[in-house]
Structures are given as structure tokens and as C-alpha cells.
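Supplied in C-alpha cells, the structure appears directly below.
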Amino acid sequence: LDEGRLLVLSPFDKSVRRTTSAQAIRRNDLVAALADALWVPHATPGGKAWATALAVLERRQPVFTFDAEGNGEILEAGAMPFAELLRNAVKRYQDRAIETTQVIEELIAMAKDMREANRLPRPPAALR
């Protein structure tokens, strides 16, 4: 955006105006496939986040989540505790693989991602 460029990528035709549950899963799978890793604060078995997380794990992409009681099943499926992500960043710093500024940038990016993951979209005015 800063450079005046934007790419909109969608698996759906422009005629699609409302997203169904099945379409949401397809959209999430596309976004996850383009990501280096997936951050899932919580995934209920059988839910959309669960389906996306399993698809990502099948592609052997890393999935991170909280090491909490409600996430036992996703951890058993192969997700890694979020603390592991932090440990990896610190280890890379200690091994001199990355500089202090890179560690700080990664921690800031993680904090932003967590903040965004915990935000709920505001419902349209007609539904308030």
C-alpha cells in the first residue's frame, strides 16, 4: 500500500457476495497456504479453525497455539506451543543467527498478530 500497489487474491468469483461456511474454510486454507506459519489461539475439533489447522499440518507447515487445557487436541495433532516460537527466536539470537533488532521486530510482529487474533469484528450497523 505504501508503494501504491495492492493485490487482492480470492478463490471465489467476483459474483460471490456472501461467504458460506464451506467458502470460509476454502478462503482460510488459501491464506494459510500462503503463510510461513499459522497461529491458532484455539481450535475446537470439527470447527473451521480446526479444519484449517489440520490442512496446514498435513502440508507440514508449522502451526502454533497456546499450551492450554482447551488446546490439547490440536497440540496432539501436531501444533506446537506458542512458547516454542519464542524459544526459537531467542535461540536464533543466541546462536547469532539474527540481530537484536530482528528479535525485537519478530516479537513486535507476534504481539500485533496476537492482538489482531483477539479482536472481534464489529457487526454491521444494521445488526447492532
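What follows draws every value from the coordinates through simple rules; no lab data is involved. Computed from a predicted model, the values in this text were never measured in an experiment. When we count neighbours, we look across all protein chains shown, and the Cβ atoms used for this are built from the backbone with ideal geometry, even at glycine.
Once label points are set 7 Å from the Cα along Cα→Cβ at both residue 3 and residue 87, what is their separation, rounded to one decimal in nm?
Here the answer is 3.7 nm between the modelled labels.
Oh, and also: Mind checking the full-extension length gain between residue 96 and residue 23? Use 0.36 nm per residue of separation minus the Cα-Cα distance, one decimal, nm.
21.9 nm
OK, next. Size of the dipole of the chain about the Cα centre, Lys and Arg at +1 and Asp and Glu at -1 on the beta carbon, nothing else charged, in debye to 20?
660 debye
A follow-up question, please. Nearest 500 deg cm²/dmol is fine: what mean residue ellipticity at 222 nm does the chain get from its DSSP H runs of n ≥ 4 alone, each adding -39,500 (n - 2.57), divided by its residue count?
My calculation for the chain gives -15000 deg cm²/dmol from helical runs alone.
Can you give the extra length, in nm with one decimal, that the chain gains between residue 61 and residue 10 once fully stretched, where that is 0.36 nm per residue apart less the Cα-Cα distance?
Gain on extension, residue 61 to residue 10, equals 16.3 nm.
What are the lysines whose alpha-carbon lies under 25 Å from the alpha-carbon of residue 112, with same-chain residues fewer than 8 places away excluded?
Qualifying lysines at Cα under 25 Å: 48, 91.
Additional query: Charges on Cβ only, +1 for Lys and Arg, -1 for Asp and Glu, centred on the Cα centroid of the chain; of 12, 94, 78, which one is farthest towards the dipole's positive end?
Projecting each Cα onto the dipole axis, the largest value belongs to 12.
Hey, another quick one. Where does the charge balance sit around residue 23 when Lys and Arg score +1, Asp and Glu -1, over other residues with C-beta under 15 Å from its C-beta?
+4
Setting aside same-chain residues fewer than 8 positions from residue 14, which aspartates and glutamates have a Cα under 16 Å from its Cα?
none
Using the Kirkwood radius over C-alpha pairs as Rh, can you work out the diffusion coefficient of the chain via Stokes-Einstein at 37 °C, viscosity 0.692 mPa s, in µm² per second?
Using the Kirkwood radius from Cα pairs, D works out to 194 µm²/s.
Below 8 Å between Cα atoms, with a sequence gap of 6+, how large is the relative contact order for the chain in percent?
RCO, the chain: 15 percent.
Another question about this same structure. Take every Cα pair under 8 Å in the stretch 34-77 that's 6+ residues apart, average their separations, divide by the length, and report that relative contact order as a whole percent.
Relative contact order here is 45 percent.
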